[in-house]
1. May I ask you to evaluate 6.51 cos²θ - 1.76 cosθ + 1.60, the Karplus curve with θ = phi - 60°, for each residue of segment 245-252 and list the ³J(HN,Hα) values in order in whole Hz, giving x for glycine and proline?
2. Could you pull out the GluC sites (Glu not before Pro) across segment 354-412 that fall in loop regions by DSSP (anything but H, G, I, E, B) with no more than 14 other Cβ atoms inside 10 Å?
3. In segment 1-143, what % of DSSP beta bridges are antiparallel (nearest 5)?
4. Find the Rg to Rh ratio for segment 66-197, where Rh is the Kirkwood radius over alpha-carbon pairs and Rg uses the same atoms.
5. So who's got an amide H within less than 5 Å of the one on Glu355, skipping anything under 5 residues away but keeping other chains? H placed 1.01 Å off N, in plane.
6. Give the shape of segment 143-223 as rounded, prolate or oblate, defined through the alpha-carbon gyration tensor: a ≥ b ≥ c are the square roots of its eigenvalues, a/c under 1.5 means rounded, and otherwise the shape is prolate if a/b is larger than b/c and oblate if not.
7. On a straight-distance basis, which aspartates and glutamates could pair with Lys287 in a cross-link, Cα separation under 13 angstrom, same-chain partners fewer than 8 positions away excluded?
8. Read phi for every residue in segment 135-143 and hand back ³J(HN,Hα) as whole Hz from Karplus 6.51 cos²θ - 1.76 cosθ + 1.60, θ = phi - 60°, with x for Gly and Pro.
Amino acid sequence: TFEWKKAVINLLDTPGHVDFTAEVERCLRVLDGAVVVFSAREGVEAQSETVWKQANKYSVPRVAFINKMDREGASFEHVLEQMKSRLQANPVPIQIPVGEGPEHIDNPFRGVIDLIEMKYLVFDTSNENSGRQFEPREIPDEFIQKAAEYRSELLSTLSDFSEELMELALEEKEIPPALIHDVIRLATLSRKIQPVLCGSALHGIGGQQILDAVWEYLPSPLDRPAVEGTNPKRSKHTEIRKPDPDEPFSGLVFKILPAKTGDLYWIRVYSGTLKANSRALCPGKEKKENIAQLWQIHATRKERDGQVDEVSCGDIVGVIGPRFAVTGDTLCDGKSPIVLENIDFPAAVIEMAIESESATERKKLADTLEMLKRQDPTFRAKENKETGQTLIGGMGELHLEVIKNRLLRDFNLNVKVHKPRVSYRETIQNNAEVTGECHRLVSGQQLFAKLKIRMEPAPKIEGVFISNRLPEGKLPPSFQEAVMEQMNSRKEGGGPIGSFPLSKLKII
(Lines give C-alpha, C1' and ligand atoms only; values in the text may rest on other atoms or scores of the structure.)
Protein backbone atom coordinates (compact mmCIF):
# COMPACT_ATOMS: atom_id res chain seq x y z
CA THR A 1 0.00 0.00 0.00
CA PHE A 2 1.47 3.37 -1.03
CA GLU A 3 0.47 6.79 -2.28
CA TRP A 4 1.17 8.10 -5.76
CA LYS A 5 0.11 11.62 -6.65
CA LYS A 6 -3.54 11.84 -5.57
CA ALA A 7 -4.19 8.12 -5.30
CA VAL A 8 -3.68 5.34 -2.77
CA ILE A 9 -2.50 2.24 -4.63
CA ASN A 10 -2.67 -1.35 -3.40
CA LEU A 11 -0.05 -3.23 -5.43
CA LEU A 12 -0.10 -7.04 -5.59
CA ASP A 13 2.88 -8.47 -7.47
CA THR A 14 2.29 -12.04 -8.65
CA PRO A 15 4.70 -14.54 -10.25
CA GLY A 16 4.07 -15.24 -13.91
CA HIS A 17 5.18 -18.89 -13.76
CA VAL A 18 2.51 -21.50 -14.43
CA ASP A 19 3.25 -23.23 -11.11
CA PHE A 20 1.88 -20.17 -9.31
CA THR A 21 -1.21 -19.60 -11.43
CA ALA A 22 -3.30 -19.64 -8.23
CA GLU A 23 -1.60 -16.43 -7.09
CA VAL A 24 -2.63 -14.76 -10.35
CA GLU A 25 -6.17 -16.15 -10.07
CA ARG A 26 -6.79 -14.88 -6.56
CA CYS A 27 -5.28 -11.45 -7.27
CA LEU A 28 -7.25 -10.85 -10.47
CA ARG A 29 -10.39 -11.83 -8.55
CA VAL A 30 -10.04 -8.88 -6.16
CA LEU A 31 -8.14 -6.22 -8.14
CA ASP A 32 -9.64 -3.39 -10.18
CA GLY A 33 -6.88 -3.11 -12.80
CA ALA A 34 -3.70 -4.87 -13.89
CA VAL A 35 -0.28 -4.06 -15.32
CA VAL A 36 0.88 -6.93 -17.54
CA VAL A 37 4.66 -7.06 -17.97
CA PHE A 38 6.15 -8.54 -21.15
CA SER A 39 9.80 -9.18 -21.95
CA ALA A 40 11.04 -7.30 -25.01
CA ARG A 41 13.24 -10.28 -25.80
CA GLU A 42 10.95 -13.29 -25.19
CA GLY A 43 7.73 -11.50 -26.13
CA VAL A 44 4.35 -13.14 -25.44
CA GLU A 45 5.07 -16.49 -23.82
CA ALA A 46 2.69 -19.39 -23.13
CA GLN A 47 2.05 -18.30 -19.56
CA SER A 48 1.35 -14.75 -20.77
CA GLU A 49 -1.60 -16.16 -22.70
CA THR A 50 -2.88 -17.95 -19.58
CA VAL A 51 -2.68 -14.79 -17.47
CA TRP A 52 -4.36 -12.75 -20.22
CA LYS A 53 -7.27 -15.22 -20.35
CA GLN A 54 -7.58 -15.06 -16.56
CA ALA A 55 -7.81 -11.26 -16.79
CA ASN A 56 -10.49 -11.60 -19.48
CA LYS A 57 -12.42 -13.95 -17.19
CA TYR A 58 -12.67 -11.26 -14.50
CA SER A 59 -13.07 -8.34 -16.98
CA VAL A 60 -9.99 -6.53 -15.64
CA PRO A 61 -8.78 -3.39 -17.52
CA ARG A 62 -5.07 -3.62 -18.36
CA VAL A 63 -1.99 -1.54 -19.07
CA ALA A 64 0.98 -3.27 -20.72
CA PHE A 65 4.65 -2.62 -19.96
CA ILE A 66 7.34 -3.96 -22.30
CA ASN A 67 10.36 -4.52 -20.07
CA LYS A 68 14.04 -5.37 -20.77
CA MET A 69 14.41 -2.97 -23.67
CA ASP A 70 18.15 -2.93 -22.88
CA ARG A 71 18.55 -6.67 -23.44
CA GLU A 72 20.13 -8.17 -26.55
CA GLY A 73 17.46 -9.22 -29.04
CA ALA A 74 14.86 -6.78 -27.69
CA SER A 75 12.13 -5.79 -30.17
CA PHE A 76 9.31 -3.40 -29.26
CA GLU A 77 7.35 -3.89 -32.50
CA HIS A 78 7.66 -7.69 -32.35
CA VAL A 79 5.95 -7.76 -28.93
CA LEU A 80 3.15 -5.51 -30.23
CA GLU A 81 2.52 -7.88 -33.13
CA GLN A 82 2.46 -10.90 -30.81
CA MET A 83 -0.04 -9.18 -28.51
CA LYS A 84 -2.36 -8.72 -31.48
CA SER A 85 -1.94 -12.20 -32.99
CA ARG A 86 -1.70 -14.38 -29.87
CA LEU A 87 -3.78 -12.45 -27.34
CA GLN A 88 -6.31 -10.83 -29.72
CA ALA A 89 -5.53 -7.62 -27.82
CA ASN A 90 -5.64 -4.03 -29.03
CA PRO A 91 -2.31 -2.58 -27.84
CA VAL A 92 -1.96 1.19 -28.24
CA PRO A 93 1.58 2.50 -27.66
CA ILE A 94 1.72 5.79 -25.75
CA GLN A 95 5.52 5.51 -25.60
CA ILE A 96 8.15 4.23 -28.01
CA PRO A 97 11.77 3.33 -27.22
CA VAL A 98 14.78 5.30 -28.42
CA GLY A 99 17.03 2.47 -29.55
CA GLU A 100 16.86 -1.20 -28.59
CA GLY A 101 19.40 -3.46 -26.92
CA PRO A 102 22.47 -3.17 -24.65
CA GLU A 103 25.07 -0.41 -24.65
CA HIS A 104 27.70 -2.22 -26.75
CA ILE A 105 25.59 -2.31 -29.94
CA ASP A 106 25.25 0.50 -32.49
CA ASN A 107 21.75 1.68 -31.51
CA PRO A 108 21.31 0.90 -27.80
CA PHE A 109 18.25 1.64 -25.69
CA ARG A 110 18.75 5.05 -24.07
CA GLY A 111 15.29 6.50 -23.32
CA VAL A 112 11.65 6.73 -24.35
CA ILE A 113 9.51 9.14 -26.36
CA ASP A 114 6.23 10.24 -24.82
CA LEU A 115 3.74 10.26 -27.72
CA ILE A 116 1.19 12.36 -25.80
CA GLU A 117 3.50 15.22 -24.80
CA MET A 118 5.88 14.51 -27.75
CA LYS A 119 8.95 14.69 -25.53
CA TYR A 120 12.13 12.62 -25.35
CA LEU A 121 12.65 11.40 -21.76
CA VAL A 122 16.29 10.87 -20.79
CA PHE A 123 16.90 8.99 -17.53
CA ASP A 124 19.78 9.20 -15.08
CA THR A 125 20.88 5.56 -14.75
CA SER A 126 23.75 6.12 -12.30
CA ASN A 127 23.80 3.84 -9.28
CA GLU A 128 22.77 6.66 -6.94
CA ASN A 129 19.60 7.54 -8.85
CA SER A 130 18.82 4.37 -10.84
CA GLY A 131 16.26 6.00 -13.12
CA ARG A 132 14.47 8.03 -10.45
CA GLN A 133 15.41 11.26 -12.20
CA PHE A 134 14.64 12.04 -15.83
CA GLU A 135 14.78 15.07 -18.09
CA PRO A 136 12.30 15.90 -20.90
CA ARG A 137 14.09 16.97 -24.09
CA GLU A 138 13.25 17.64 -27.70
CA ILE A 139 12.92 14.52 -29.86
CA PRO A 140 16.14 13.76 -31.81
CA ASP A 141 15.91 14.44 -35.53
CA GLU A 142 16.34 10.80 -36.53
CA PHE A 143 13.28 9.79 -34.44
CA ILE A 144 10.91 12.66 -35.35
CA GLN A 145 9.32 10.85 -38.30
CA LYS A 146 8.90 7.57 -36.39
CA ALA A 147 7.35 9.39 -33.42
CA ALA A 148 4.96 11.27 -35.74
CA GLU A 149 3.81 8.00 -37.33
CA TYR A 150 3.11 6.36 -33.97
CA ARG A 151 1.30 9.48 -32.71
CA SER A 152 -0.85 9.52 -35.84
CA GLU A 153 -1.82 5.87 -35.21
CA LEU A 154 -2.56 6.71 -31.58
CA LEU A 155 -4.89 9.59 -32.49
CA SER A 156 -6.55 7.54 -35.22
CA THR A 157 -7.37 4.77 -32.73
CA LEU A 158 -8.61 7.18 -30.07
CA SER A 159 -10.84 8.99 -32.58
CA ASP A 160 -13.18 5.99 -32.48
CA PHE A 161 -13.96 6.80 -28.84
CA SER A 162 -14.31 10.61 -28.92
CA GLU A 163 -16.06 12.84 -31.44
CA GLU A 164 -14.30 15.90 -30.01
CA LEU A 165 -10.89 14.39 -30.58
CA MET A 166 -11.92 13.26 -34.07
CA GLU A 167 -13.01 16.78 -35.04
CA LEU A 168 -9.77 18.32 -33.80
CA ALA A 169 -7.74 15.70 -35.67
CA LEU A 170 -9.67 16.25 -38.94
CA GLU A 171 -9.26 20.00 -38.65
CA GLU A 172 -5.55 19.47 -37.91
CA LYS A 173 -5.83 21.53 -34.75
CA GLU A 174 -3.68 20.99 -31.68
CA ILE A 175 -5.14 18.34 -29.41
CA PRO A 176 -4.77 19.07 -25.67
CA PRO A 177 -2.89 16.33 -23.78
CA ALA A 178 -5.63 16.36 -21.12
CA LEU A 179 -8.19 15.33 -23.75
CA ILE A 180 -5.94 12.49 -24.95
CA HIS A 181 -5.55 11.23 -21.35
CA ASP A 182 -9.32 11.32 -20.83
CA VAL A 183 -10.05 9.35 -24.00
CA ILE A 184 -7.35 6.76 -23.22
CA ARG A 185 -8.85 6.31 -19.76
CA LEU A 186 -12.36 5.90 -21.20
CA ALA A 187 -11.22 3.29 -23.74
CA THR A 188 -9.09 1.45 -21.18
CA LEU A 189 -11.91 1.20 -18.64
CA SER A 190 -14.18 -0.26 -21.32
CA ARG A 191 -11.36 -2.74 -22.17
CA LYS A 192 -11.35 -1.64 -25.81
CA ILE A 193 -7.60 -0.81 -25.77
CA GLN A 194 -4.51 -1.54 -23.69
CA PRO A 195 -2.05 1.39 -23.39
CA VAL A 196 1.53 0.19 -23.91
CA LEU A 197 4.63 1.66 -22.25
CA CYS A 198 8.24 0.49 -22.31
CA GLY A 199 11.44 0.70 -20.31
CA SER A 200 13.99 -1.22 -18.28
CA ALA A 201 13.15 -2.19 -14.72
CA LEU A 202 16.81 -3.10 -14.07
CA HIS A 203 17.85 0.53 -14.48
CA GLY A 204 14.59 2.12 -13.33
CA ILE A 205 13.73 3.47 -16.76
CA GLY A 206 9.97 3.90 -17.15
CA GLY A 207 9.02 3.10 -13.56
CA GLN A 208 7.52 6.48 -12.77
CA GLN A 209 5.71 6.60 -16.11
CA ILE A 210 3.99 3.25 -15.52
CA LEU A 211 2.81 4.49 -12.11
CA ASP A 212 1.48 7.62 -13.82
CA ALA A 213 -0.39 5.34 -16.25
CA VAL A 214 -1.90 3.39 -13.33
CA TRP A 215 -3.08 6.67 -11.79
CA GLU A 216 -4.34 8.10 -15.10
CA TYR A 217 -5.95 5.10 -16.83
CA LEU A 218 -6.73 2.19 -14.48
CA PRO A 219 -10.01 2.23 -12.54
CA SER A 220 -10.67 3.18 -8.97
CA PRO A 221 -13.32 1.16 -7.07
CA LEU A 222 -15.90 3.77 -8.11
CA ASP A 223 -15.25 2.96 -11.78
CA ARG A 224 -16.05 -0.72 -11.33
CA PRO A 225 -19.60 -2.11 -11.31
CA ALA A 226 -21.30 -2.95 -8.04
CA VAL A 227 -20.43 -6.39 -6.72
CA GLU A 228 -23.11 -9.07 -6.78
CA GLY A 229 -23.71 -12.01 -4.47
CA THR A 230 -26.40 -14.27 -3.11
CA ASN A 231 -28.35 -14.16 0.11
CA PRO A 232 -27.40 -17.25 2.19
CA LYS A 233 -30.97 -17.50 3.49
CA ARG A 234 -32.49 -17.13 0.01
CA SER A 235 -30.00 -18.60 -2.44
CA LYS A 236 -31.93 -17.47 -5.54
CA HIS A 237 -32.10 -13.87 -4.37
CA THR A 238 -29.31 -11.65 -5.76
CA GLU A 239 -27.73 -9.11 -3.42
CA ILE A 240 -25.88 -6.01 -4.69
CA ARG A 241 -23.24 -4.02 -2.83
CA LYS A 242 -22.12 -0.65 -4.17
CA PRO A 243 -18.62 0.73 -3.43
CA ASP A 244 -20.03 3.09 -0.81
CA PRO A 245 -18.86 3.51 2.82
CA ASP A 246 -22.51 3.79 3.88
CA GLU A 247 -23.41 0.38 2.44
CA PRO A 248 -23.35 -2.74 4.70
CA PHE A 249 -19.85 -4.18 5.01
CA SER A 250 -18.79 -6.96 2.63
CA GLY A 251 -15.34 -8.32 1.85
CA LEU A 252 -13.62 -11.36 0.36
CA VAL A 253 -10.80 -13.39 1.96
CA PHE A 254 -8.37 -14.04 -0.89
CA LYS A 255 -5.18 -15.09 0.92
CA ILE A 256 -4.17 -16.38 4.35
CA LEU A 257 -0.67 -16.19 5.83
CA PRO A 258 -0.45 -18.66 8.75
CA ALA A 259 1.52 -17.52 11.79
CA LYS A 260 2.00 -18.79 15.34
CA THR A 261 0.76 -15.49 16.77
CA GLY A 262 -2.41 -15.55 14.65
CA ASP A 263 -3.15 -16.07 10.96
CA LEU A 264 -3.10 -12.94 8.80
CA TYR A 265 -6.17 -12.81 6.53
CA TRP A 266 -5.90 -10.67 3.38
CA ILE A 267 -9.31 -9.16 2.68
CA ARG A 268 -10.58 -6.99 -0.17
CA VAL A 269 -13.31 -4.67 1.12
CA TYR A 270 -16.06 -4.20 -1.49
CA SER A 271 -18.56 -2.11 0.45
CA GLY A 272 -19.07 -0.43 3.79
CA THR A 273 -16.52 0.09 6.55
CA LEU A 274 -14.60 -2.49 8.59
CA LYS A 275 -13.40 -1.47 12.05
CA ALA A 276 -10.89 -3.05 14.40
CA ASN A 277 -12.21 -4.77 17.54
CA SER A 278 -15.49 -5.61 15.82
CA ARG A 279 -17.33 -8.74 14.67
CA ALA A 280 -18.21 -9.93 11.17
CA LEU A 281 -20.26 -12.81 9.83
CA CYS A 282 -18.75 -15.62 7.74
CA PRO A 283 -21.92 -16.93 6.03
CA GLY A 284 -20.08 -19.82 4.37
CA LYS A 285 -19.25 -21.31 7.78
CA GLU A 286 -22.24 -19.77 9.61
CA LYS A 287 -19.82 -18.40 12.20
CA LYS A 288 -19.13 -15.01 13.74
CA GLU A 289 -15.52 -13.90 13.21
CA ASN A 290 -13.53 -11.61 15.49
CA ILE A 291 -11.83 -8.63 13.77
CA ALA A 292 -9.09 -7.89 16.32
CA GLN A 293 -6.50 -5.90 14.33
CA LEU A 294 -6.28 -4.26 10.89
CA TRP A 295 -2.88 -3.88 9.20
CA GLN A 296 -1.63 -2.38 6.00
CA ILE A 297 0.44 -4.98 4.15
CA HIS A 298 4.01 -4.42 2.96
CA ALA A 299 5.30 -7.62 1.33
CA THR A 300 4.96 -10.38 3.96
CA ARG A 301 5.59 -8.10 6.95
CA LYS A 302 3.46 -5.69 8.92
CA GLU A 303 4.88 -2.18 9.26
CA ARG A 304 5.14 -0.68 12.75
CA ASP A 305 3.00 2.28 11.70
CA GLY A 306 0.76 0.15 9.46
CA GLN A 307 -1.92 -0.66 12.02
CA VAL A 308 -5.17 1.19 11.29
CA ASP A 309 -8.46 1.56 13.12
CA GLU A 310 -10.77 1.17 10.12
CA VAL A 311 -10.79 0.58 6.37
CA SER A 312 -13.37 1.39 3.73
CA CYS A 313 -14.53 0.07 0.37
CA GLY A 314 -11.73 -0.44 -2.14
CA ASP A 315 -9.08 -1.14 0.51
CA ILE A 316 -7.01 -4.29 0.80
CA VAL A 317 -6.14 -5.00 4.41
CA GLY A 318 -4.56 -7.66 6.60
CA VAL A 319 -6.83 -8.84 9.42
CA ILE A 320 -5.82 -10.71 12.57
CA GLY A 321 -8.56 -12.46 14.49
CA PRO A 322 -10.67 -14.72 12.22
CA ARG A 323 -10.50 -18.47 12.87
CA PHE A 324 -13.00 -20.28 10.68
CA ALA A 325 -12.88 -18.57 7.25
CA VAL A 326 -10.76 -19.99 4.42
CA THR A 327 -9.58 -18.57 1.13
CA GLY A 328 -12.57 -17.56 -1.01
CA ASP A 329 -14.95 -17.05 1.94
CA THR A 330 -16.99 -13.90 2.37
CA LEU A 331 -17.02 -11.73 5.51
CA CYS A 332 -19.98 -9.39 5.86
CA ASP A 333 -22.28 -7.47 8.17
CA GLY A 334 -24.32 -9.92 10.23
CA LYS A 335 -27.50 -7.87 9.70
CA SER A 336 -27.12 -7.88 5.89
CA PRO A 337 -25.59 -11.26 4.92
CA ILE A 338 -24.21 -11.84 1.43
CA VAL A 339 -22.10 -14.57 -0.19
CA LEU A 340 -19.78 -13.28 -2.93
CA GLU A 341 -18.53 -15.36 -5.83
CA ASN A 342 -15.86 -17.80 -4.70
CA ILE A 343 -12.41 -18.19 -6.26
CA ASP A 344 -11.92 -21.21 -8.53
CA PHE A 345 -8.51 -22.84 -8.12
CA PRO A 346 -7.12 -25.56 -10.42
CA ALA A 347 -6.49 -29.04 -9.06
CA ALA A 348 -2.99 -30.27 -8.24
CA VAL A 349 -1.20 -31.87 -11.20
CA ILE A 350 1.88 -33.51 -9.61
CA GLU A 351 2.59 -35.38 -6.38
CA MET A 352 5.62 -36.46 -4.39
CA ALA A 353 6.09 -38.42 -1.17
CA ILE A 354 7.42 -36.63 1.90
CA GLU A 355 8.55 -37.89 5.29
CA SER A 356 10.35 -36.55 8.34
CA GLU A 357 13.85 -37.70 9.23
CA SER A 358 12.79 -38.69 12.74
CA ALA A 359 9.61 -39.92 14.39
CA THR A 360 9.66 -36.98 16.82
CA GLU A 361 9.09 -34.52 13.96
CA ARG A 362 6.20 -36.44 12.42
CA LYS A 363 3.53 -34.55 14.36
CA LYS A 364 5.18 -31.20 13.64
CA LEU A 365 5.31 -32.03 9.91
CA ALA A 366 1.61 -32.91 9.87
CA ASP A 367 0.70 -29.64 11.62
CA THR A 368 2.90 -27.62 9.25
CA LEU A 369 1.36 -29.23 6.15
CA GLU A 370 -2.12 -28.35 7.45
CA MET A 371 -0.94 -24.76 7.91
CA LEU A 372 0.41 -24.63 4.33
CA LYS A 373 -2.90 -26.02 3.01
CA ARG A 374 -4.74 -23.09 4.58
CA GLN A 375 -2.33 -20.68 2.95
CA ASP A 376 -2.23 -22.21 -0.54
CA PRO A 377 -5.50 -23.70 -1.91
CA THR A 378 -3.65 -25.49 -4.74
CA PHE A 379 -1.42 -27.35 -2.28
CA ARG A 380 -2.56 -30.83 -1.25
CA ALA A 381 -1.30 -33.07 1.57
CA LYS A 382 -2.82 -36.46 2.37
CA GLU A 383 -1.86 -39.93 3.54
CA ASN A 384 -2.12 -42.80 1.08
CA LYS A 385 -3.92 -45.50 3.06
CA GLU A 386 -2.60 -48.28 0.83
CA THR A 387 1.11 -47.39 1.03
CA GLY A 388 1.16 -45.39 4.26
CA GLN A 389 3.06 -42.55 2.57
CA THR A 390 2.29 -38.86 3.04
CA LEU A 391 1.81 -37.33 -0.42
CA ILE A 392 2.00 -33.62 -1.20
CA GLY A 393 0.59 -32.26 -4.46
CA GLY A 394 0.96 -28.97 -6.29
CA MET A 395 0.88 -27.20 -9.64
CA GLY A 396 4.35 -28.29 -10.75
CA GLU A 397 7.88 -29.27 -9.72
CA LEU A 398 8.86 -25.68 -8.94
CA HIS A 399 5.81 -25.26 -6.71
CA LEU A 400 6.69 -28.35 -4.67
CA GLU A 401 10.36 -27.36 -4.58
CA VAL A 402 9.39 -24.04 -3.01
CA ILE A 403 7.23 -25.88 -0.45
CA LYS A 404 10.15 -28.18 0.40
CA ASN A 405 12.56 -25.26 0.84
CA ARG A 406 10.06 -23.50 3.10
CA LEU A 407 9.80 -26.59 5.30
CA LEU A 408 13.59 -26.72 5.58
CA ARG A 409 14.26 -23.00 5.95
CA ASP A 410 11.21 -21.44 7.62
CA PHE A 411 9.99 -24.31 9.79
CA ASN A 412 13.34 -26.04 10.52
CA LEU A 413 12.01 -29.46 9.54
CA ASN A 414 14.41 -32.12 8.30
CA VAL A 415 12.37 -33.75 5.55
CA LYS A 416 13.17 -35.85 2.55
CA VAL A 417 11.10 -36.24 -0.59
CA HIS A 418 11.00 -39.02 -3.15
CA LYS A 419 8.76 -40.58 -5.75
CA PRO A 420 5.46 -42.05 -4.51
CA ARG A 421 5.07 -45.79 -4.40
CA VAL A 422 2.41 -47.16 -6.73
CA SER A 423 -0.12 -49.75 -5.59
CA TYR A 424 -0.47 -52.18 -8.45
CA ARG A 425 -3.70 -54.10 -9.03
CA GLU A 426 -3.45 -57.66 -10.41
CA THR A 427 -5.98 -60.27 -11.42
CA ILE A 428 -6.03 -63.56 -13.28
CA GLN A 429 -6.47 -63.68 -17.05
CA ASN A 430 -7.59 -67.30 -17.59
CA ASN A 431 -9.58 -69.98 -15.81
CA ALA A 432 -7.67 -72.29 -13.46
CA GLU A 433 -8.68 -75.33 -11.43
CA VAL A 434 -6.60 -77.12 -8.78
CA THR A 435 -7.18 -79.94 -6.29
CA GLY A 436 -5.38 -80.17 -2.95
CA GLU A 437 -5.19 -82.92 -0.31
CA CYS A 438 -4.20 -82.72 3.31
CA HIS A 439 -3.25 -85.59 5.69
CA ARG A 440 -2.54 -84.57 9.27
CA LEU A 441 -2.28 -86.37 12.60
CA VAL A 442 -3.86 -84.30 15.38
CA SER A 443 -4.04 -85.67 18.97
CA GLY A 444 -3.62 -89.25 17.72
CA GLN A 445 -6.42 -88.81 15.20
CA GLN A 446 -5.78 -88.98 11.49
CA LEU A 447 -7.51 -86.13 9.63
CA PHE A 448 -7.98 -85.96 5.90
CA ALA A 449 -9.32 -83.19 3.64
CA LYS A 450 -9.63 -82.82 -0.08
CA LEU A 451 -10.46 -79.44 -1.67
CA LYS A 452 -11.11 -78.44 -5.25
CA ILE A 453 -10.84 -74.73 -6.15
CA ARG A 454 -11.78 -73.15 -9.45
CA MET A 455 -10.79 -69.54 -10.23
CA GLU A 456 -11.97 -67.48 -13.17
CA PRO A 457 -11.87 -63.74 -14.02
CA ALA A 458 -15.02 -61.73 -13.26
CA PRO A 459 -14.44 -58.16 -14.52
CA LYS A 460 -17.73 -56.76 -13.22
CA ILE A 461 -16.97 -57.66 -9.59
CA GLU A 462 -14.59 -55.62 -7.41
CA GLY A 463 -12.47 -57.66 -5.03
CA VAL A 464 -12.82 -61.41 -4.68
CA PHE A 465 -16.11 -63.30 -4.91
CA ILE A 466 -16.23 -66.67 -3.16
CA SER A 467 -19.08 -69.11 -3.59
CA ASN A 468 -19.64 -72.46 -1.90
CA ARG A 469 -20.42 -75.25 -4.44
CA LEU A 470 -20.53 -78.09 -1.88
CA PRO A 471 -23.75 -80.10 -1.70
CA GLU A 472 -25.94 -79.16 1.24
CA GLY A 473 -24.95 -80.98 4.45
CA LYS A 474 -21.42 -81.86 3.30
CA LEU A 475 -19.78 -78.90 5.15
CA PRO A 476 -19.49 -79.34 8.95
CA PRO A 477 -21.83 -77.00 10.92
CA SER A 478 -18.94 -74.98 12.43
CA PHE A 479 -17.51 -74.15 9.00
CA GLN A 480 -20.97 -73.48 7.59
CA GLU A 481 -21.61 -70.85 10.27
CA ALA A 482 -18.27 -69.12 9.54
CA VAL A 483 -18.98 -68.90 5.79
CA MET A 484 -22.50 -67.54 6.33
CA GLU A 485 -21.18 -64.93 8.79
CA GLN A 486 -18.69 -63.66 6.19
CA MET A 487 -21.36 -63.51 3.49
CA ASN A 488 -23.91 -61.74 5.68
CA SER A 489 -21.39 -59.13 6.86
CA ARG A 490 -20.51 -58.34 3.26
CA LYS A 491 -24.20 -58.03 2.40
CA GLU A 492 -24.76 -55.52 5.22
CA GLY A 493 -21.77 -53.48 3.95
CA GLY A 494 -23.44 -52.89 0.60
CA GLY A 495 -21.14 -55.04 -1.54
CA PRO A 496 -21.87 -58.24 -3.47
CA ILE A 497 -22.62 -61.25 -1.26
CA GLY A 498 -19.50 -63.28 -0.61
CA SER A 499 -17.17 -60.58 -1.92
CA PHE A 500 -14.47 -59.03 0.26
CA PRO A 501 -11.00 -57.46 -0.29
CA LEU A 502 -7.94 -59.64 -0.70
CA SER A 503 -6.51 -58.23 2.52
CA LYS A 504 -9.33 -59.96 4.44
CA LEU A 505 -9.04 -63.29 2.63
CA LYS A 506 -7.23 -65.84 4.75
CA ILE A 507 -6.36 -69.33 3.56
CA ILE A 508 -5.90 -71.78 6.45
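The values are calculated or read from the model by the stated rules, or taken from the named source; none is laboratory data. None of the values given here were measured: they were computed from a predicted structure. A quick note on method: Cβ atoms are made from the backbone with ideal geometry, for glycine too, and the neighbour counts reach across all protein chains shown. Quick note on the areas: whole protein, heavy atoms, side chains included, nothing else; ligands and nucleic acids left out. Shrake-Rupley method; radii C 1.70, N 1.55, O 1.52, S 1.80 Å.
1. Karplus-based 3J(HN,Hα) across segment 245-252 equals x, 7, 6, x, 5, 8, x, 10 Hz.
2. Values: sites: Glu355, Glu357, Glu361, Glu370, Glu383, Glu386, Glu397, Glu401; in loops: Glu357, Glu386.
Sites meeting the loop and neighbour criteria: Glu357, Glu386.
3. The antiparallel fraction comes to roughly 70 percent.
4. Rounded to two decimals, Rg/Rh equals 0.99.
5. Here Lys416 satisfy the definition.
6. It comes out oblate by the Cα gyration axes.
7. Here the aspartates and glutamates satisfying the reach criterion relative to Lys287 are Asp329, Asp333.
8. 10, x, 10, 6, 5, x, 4, 6, 10
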